[in-house]
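The values are calculated or read from the model by the stated rules, or taken from the named source; none is laboratory data. Just so it is clear, the structure is predicted and the values come from calculations on it, not from any experiment. Methodologically, a virtual Cβ is constructed for each residue, glycine included, from the backbone with ideal geometry; neighbour enumeration extends over all protein chains shown. Heads up: the accessible areas ignore ligands, DNA and RNA and are worked out on the full protein's heavy atoms, side chains in. Shrake-Rupley method; radii C 1.70, N 1.55, O 1.52, S 1.80 Å.
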Amino acid sequence: SGHRVKLACVNWASHLDAVVPEGLSKQPIEAIAAQISSLGYNCVHLNWPTYLVTNDALASLTVRDSFKSLGLTQAIAGVEANNPSIIDSSLFEAFKAVVSALGDKNVMVILDNHVSKPSWCCSDSDGNGFFGDIYFDPNVWIKGLTRMAILFKGVSNVVGISLRNELRGPKQNVKLTFSGKLVFEVHWYAFFDGKAWESGNVNQVCKTVVQNMKGISLFLLDQGFPIFVSEFGVDQRGINENDNRYLNCFLATAAQLDFDWGQWTVVGSYYYREGVVGMSEYYGVLNDDWSGARNSSLVQKISSIQYPFQGPGLSEVRKHKVIFHPATGLCVVKKSLLEPLTLGPCSASDYWYHSHEKKLTIKGAFCLQAVELGKRTQLSIQCTDSDSRWEPTSDSRLQLSTKTSSGDSVCLEVDSSKNIITNTCKCLRGKHSCDPSTQWFILVDSTRKPRLI
């Protein structure tokens, strides 16, 4: 109908040795699908191995048989208790049951051809790469994609196929040509840049990493191609400083560019991964027993980018700005002209405009004004002074700076009560131990109407 559908996906692994969608020994399929929907995801990037539909030996296996072959007696008991209807079903029938349960919750599915031979992914030497690799036969690959397309033809919540995950191996740069239906996928994790996030100045690292991502892939957005960041993710325990800092930069970029994405992963634990039975997945949105969110505050933080800020068919009001704070996933909001500005849901943000004179204005006449160091900002109609000119500063361009009437250079900041104040700009250079996240804001284009808080 010409209206944008923003993919806000979570990955669900079904490509490991057992070739059974993970988690079915922990919770009923319907309960997992319901949790995915309730957490705000509208889509699952469902990972599958080519051999699921091309290998005769796998085709004849039931879920029980597959678990037996790996010695997974606890998994058998768990599926018998939570999903008894699939324990003696074929591997493909179990896969199809997951797609159906997601459809019942109005969750879209993208079928992700993750590997050929079932296994954990990915390394350059796992044989599961692209043309020329041990387990990659182009004819078998095409056969697998064709069979999946036929098997899910007419299943309304299956909206696409990811043709191949993480191209690698001896001929990873072979290109394919399509027209009209081509979407580029990219993955983006903190560990792509080693320990740069915790060992370097965070403002400088964010600048460098974002520039690299734009040079590698995100530039395609400017050329009119859709980009699907089909894997990003962090350690949900919150103890990985490298991941925590990366996520703030990622969310700022995701909000600004408003791209579609898929989080790794919904999986709370695995049946069997790399020789380990019952391994926990610390990047998992769900906890080890799949009964709830591993980190509810992180779910809330990511929820702000689950909805489009703009796009085809989303022109509820004329284009304006929202002031996004990536460390919380919230935006600057006002409850009234007399009350202090604070953080709240981005869906409740008013229309901000950033003029050629660098003024941040709201309601036509009121501008954002710095008062003094450590004090709350205010809305004013005196918008001619330097204390109302806000410009991005620091290497990351994620700190909004102005000068107070006394001449102090200050940056917008969030205090412990989520009030919007100004303070000395942090981490402009120097030590890696400095964390500027309370001062990171980005002006995001939006055409959405504000909703009541």
**Where a residue in segment 194-219 is in the same structural domain as residue 259 (by the TED database) and more than 15 Å from residue 257 (Cα to Cα) and its partner, wherever it lies, is at pLDDT 95 or above and open to solvent by 70 Å² or more (accessible area, probe 1.4 Å), with Cβ under 6 Å and at least six apart** = 198/241
**Prompt:** For segment 408-432, which residues satisfy the criterion of being open to solvent by 50 Å² or more (accessible area, probe 1.4 Å), within 18 Å of residue 386 (Cα to Cα) and of a type in the set (Ser, Thr, Tyr)?
**Reply:** 409, 424
**Message:** Given the condition touching a Cys at 6+ places or on another chain (Cβ under 8 Å), farther than 30 Å from residue 209 by Cα, without any contact (Cβ under 8 Å) to a residue 24 or more places away in the chain and not in a strand (DSSP E or B), answer yes or no: does some residue in segment 369-376 qualify?
**Reply:** no
**Prompt:** If you check every pair at least six apart or on different chains, which have Cβ atoms under 8 Å apart with a residue in segment 98-117 that is on the phi > 0 side of the Ramachandran plot first and a residue that is open to solvent by 10 Å² or more (accessible area, probe 1.4 Å) and part of a helix (DSSP H, G or I) second?
**Reply:** 106/37
**Message:** Out of everything in segment 1-24 that is open to solvent by 10 Å² or more (accessible area, probe 1.4 Å) and over 17 Å from residue 39 (Cβ atoms), what residue ends up being modelled with the highest pLDDT?
**Reply:** 17
**Request:** Would you check if there is a residue in segment 77-88 being touching a Phe, Trp or Tyr at 6+ places or on another chain (Cβ under 9 Å), in a helix (DSSP H, G or I), open to solvent by 50 Å² or more (accessible area, probe 1.4 Å) and at pLDDT 95 or above?
**Result:** no
**Request:** Could you list all residues from segment 53-74 that are open to solvent by 10 Å² or more (accessible area, probe 1.4 Å) and either of a type in the set (A, V, I, L, M) or on the phi > 0 side of the Ramachandran plot (or both)?
**Result:** 53, 57, 58, 59, 61, 70, 71
**Prompt:** Identify, please: which residue in segment 236-284 is among the charged types (D, E, K, R) and part of a loop (DSSP other than H, G, I, E, B) and is, among those, nearest to residue 218 (Cα to Cα)?
**Reply:** 258
